[in-house]
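See structure below.
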């Protein structure tokens with residue numbers, strides 16, 4: 001599978017402008033940014049919880 005080149009990105013950009021209009025693009029981009037930020041935060045929290053639980057399990061195994 002190949003990565004996207006300039007022609008593909010231009011077509012995607014044009015479709016985006018046609019679908020949402022030039023005035024809605026900043027709002028859509030802001031919403032996407034917030035969604036990505038929330039997703040990263042949730043993944044980070046879950047990763048920290050998993051590490052903590054893993055450490056607790058390892059301590060219990062070492063005690064036994």
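Data table
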{"item": "Candidate set from region 14-44 (those that are more than 20 Å from the chain's Cα centre (by Cα) and part of a helix (DSSP H, G or I)); member that is surrounded by the most Cβ atoms within 10 Å (Cβ to Cβ)", "result": "20"}
{"item": "Where a residue in region 1-20 is within 15 Å of residue 32 (Cβ to Cβ) and its partner, wherever it lies, is part of a loop (DSSP other than H, G, I, E, B), with Cβ under 9 Å and at least six apart", "result": "12/4"}
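Since every read-out is calculated from the coordinates, none of them should be taken as a lab result. Since the model is a prediction, treat every value here as computed from it, not as a measurement. Please note: Cβ atoms are built from the backbone with ideal geometry, for glycine as well, and neighbour counts cover all protein chains shown.
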